[in-house]
Amino acid sequence: MFITASLLCGLATGPGVLIGARVLQGVGVALMIPQVLATLHVTFDGENRSRAFGLYGAVLSLANVLGPVLGGLLTEADLFGLSWRPIFLINVPVGVAVILLGRRVIPESTVERADRLDLTGVLLSAAAIVLVLFPLTEGHTHHWPLWCFAMLGAGFLVLGVFLSHQRRKQNRAPLVALSVFRGRQFSGGLSAQLTLGLLCGLFFMTWSLYLQRGLGMSPFHAALAFVLLSLGELAGATIAARSAGRFARRLPQAGALIALASMAAYGVQIGSRQADLDLLAMTGPVVLIGFGLGMVGGPLADMALADVPHEDAGSASGLFNTAMHLGIALGTALTAVVFFAATGGSPDGGVNRDAFTGVLWWVGGILALMWGLMFCLPRRAAGRND
């Protein structure tokens, strides 16, 4: 589905076709990504699983490095006069290779009897998310009319109906196995994952605008700044993978503190250098921000999912991935309140720099909250007394 949708995106004849294909792409991703964590969870145990989750985080970091750069290069190269279309078309050969290699090297993991899809649960959860996110995203643009608050209220009402439906379905293949929330390890890890997504959605969106509007960087130089952060993230994720879970929650908590301290240093640098700040000068704090964040992702997934029964691995992995994407969506929506409200849409560099400095206070608070939520994770690695 993802490959087909990518091909349709690349061949789109207008905005309507492109948007429809992107929706189909999102469905394909939603079906595919949770299976990655679920497969790792049921295939590996102990230190091997910690290493696998660490490598998962490292690979995501590597993708974060290659994605923006490759996307920018493909767009600027204008291959065969196709402009932006190759950024979608490249998914086709990559996706075919993944299918062929996956069939060869990934062990199959199935249940004896597949459960029926909880279609009602899917529709209710999707409706609740849309009803909450849409007004948060568009409210500022329309000066917060009454319909925004009505949609928010309807969203929380539908969320309540969804939870009630899930309680009734617990013994009949629910969309969400509520039993996974009984342990604070999963609940805390899921909450930390949500705040990590919130941070990413808020920081990366506003940082991109700050680099281009506040400092006047070209899109290419702004992409290089993201590469610096992603290289740091890759280094942090590599350390997490090599640790194989030995440090339990201390490693991701240390990563959160490193990111928090580096974010504070970056804020001080922005305030002192103003428009004179260049890519070379910001390398130190930016790489360290990425380094700290890279130490979080893999261990967080490992510890949050460690005690989930194999039969609930699919549901728990789906929730974990949904928490990240929901957090990113909420963070992106929050930019309207904490960034665009301050700039008023002004392209002035000084206004955008001041607005981004205000965002860093929010990001620091989110990092502190994420650090606190990690106290729900195990203090010691499984099977270790140190």
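For residues in segment 286-323 being over 21 Å from the mean Cα position of the chain (by Cα) and not acidic (Asp, Glu), which is surrounded by the fewest Cβ atoms within 10 Å (Cβ to Cβ)?
Residue satisfying both the conditions and the ranking: His310.
Please work out if Gly16 is open to solvent by 50 Å² or more (accessible area, probe 1.4 Å), free of Cβ contacts under 8 Å to residues at least 60 places away in the same chain, part of a helix (DSSP H, G or I) and not polar (S, T, N, Q).
Yes.
Determine whether segment 186-198 contains at least one residue that is surrounded by fewer than 19 Cβ atoms within 10 Å (Cβ to Cβ), in a helix (DSSP H, G or I) and either without any contact (Cβ under 8 Å) to a residue 60 or more places away in the chain or not hydroxyl-bearing (Ser, Thr, Tyr) (or both). Outline the logic, then answer.
Filtering segment 186-198 for residues surrounded by fewer than 19 Cβ atoms within 10 Å (Cβ to Cβ) gives 187.
Cutting the leftovers down to in a helix (DSSP H, G or I) gives us 187.
So of that shortlist, the ones also either without any contact (Cβ under 8 Å) to a residue 60 or more places away in the chain or not hydroxyl-bearing (Ser, Thr, Tyr) (or both) come out as none.
No, there is no match, as no residue in segment 186-198 is surrounded by fewer than 19 Cβ atoms within 10 Å (Cβ to Cβ), in a helix (DSSP H, G or I) and either without any contact (Cβ under 8 Å) to a residue 60 or more places away in the chain or not hydroxyl-bearing (Ser, Thr, Tyr) (or both).
Restricting attention to segment 1-13, and to residues there that are under 17 Å from Phe80 (Cβ atoms) and aliphatic (A, V, I, L, M), which single residue is least open to solvent (accessible area, probe 1.4 Å)?
Checked segment 1-13; the qualifying residue least open to solvent (accessible area, probe 1.4 Å) is Ala12.
Applying the selection to segment 181-190, what residues are under 21 Å from the mean Cα position of the chain (by Cα) and modelled with pLDDT under 80?
Within segment 181-190, none qualify.
Hey, among the residues in segment 39-60 that are among the β-branched types (Val, Ile, Thr) and open to solvent by less than 50 Å² (accessible area, probe 1.4 Å), which one's nearest to Val227 (Cα to Cα)?
Across segment 39-60, the extreme among qualifying residues is Thr39.
Could you pull out the residue among Ala256, Ala248, Ala235 that is surrounded by fewer than 19 Cβ atoms within 10 Å (Cβ to Cβ), in contact (Cβ under 8 Å) with a residue 12 or more places away in the chain and out of contact with any His (no Cβ under 7 Å at 6 or more places or on another chain)?
Details: Ala256 fails: surrounded by fewer than 19 Cβ atoms within 10 Å (Cβ to Cβ); Ala248 fails: surrounded by fewer than 19 Cβ atoms within 10 Å (Cβ to Cβ).
Unique residue meeting the criteria: Ala235.
Report whether or not Ala329 is closer than 20 Å to Gly236 by Cβ, open to solvent by less than 40 Å² (accessible area, probe 1.4 Å), touching a helix residue (DSSP H, G or I) at 6+ places or on another chain (Cβ under 8 Å) and among the aliphatic types (A, V, I, L, M).
So Ala329 fails the test.
Do we have any residue at all in segment 157-175 that's at pLDDT below 85, on the phi < 0 side of the Ramachandran plot, crowded, with 18+ Cβ neighbours inside 10 Å and within 23 Å of the chain's Cα centre (by Cα)?
Checked segment 157-175: at least one residue is at pLDDT below 85, on the phi < 0 side of the Ramachandran plot, crowded, with 18+ Cβ neighbours inside 10 Å and within 23 Å of the chain's Cα centre (by Cα).
Quick test of your reading of the structure: Gly327 fulfils all but one of (1) modelled with pLDDT of 85 or more; (2) over 12 Å from the mean Cα position of the chain (by Cα). Name the failing condition by number.
For Gly327, the failing item is (2).
I'd like the full set of residues that are at negative phi and not in a helix (DSSP H, G or I), limited to segment 331-372.
Matches in segment 331-372: Ser346, Pro347, Asp348.
For segment 25-39, does any single residue satisfy the condition of being assigned to a helix (DSSP H, G or I) and over 19 Å from the mean Cα position of the chain (by Cα)?
Looking for residues that are assigned to a helix (DSSP H, G or I) and over 19 Å from the mean Cα position of the chain (by Cα), one finds at least one in segment 25-39, hence yes.
Spot the failing condition for Thr335; the list is (1) of a type in the set (Val, Ile, Thr); (2) closer than 20 Å to Ala38 by Cβ; (3) open to solvent by less than 50 Å² (accessible area, probe 1.4 Å), and only one is missed.
(2)
The values are calculated or read from the model by the stated rules, or taken from the named source; none is laboratory data. Note that the structure is predicted; figures quoted are calculated from it, not measured. Methodologically, a virtual Cβ is constructed for each residue, glycine included, from the backbone with ideal geometry; neighbour enumeration extends over all protein chains shown. Just the protein is used for accessible areas: all its heavy atoms, side chains included, with ligands, DNA and RNA removed. Shrake-Rupley method; radii C 1.70, N 1.55, O 1.52, S 1.80 Å.
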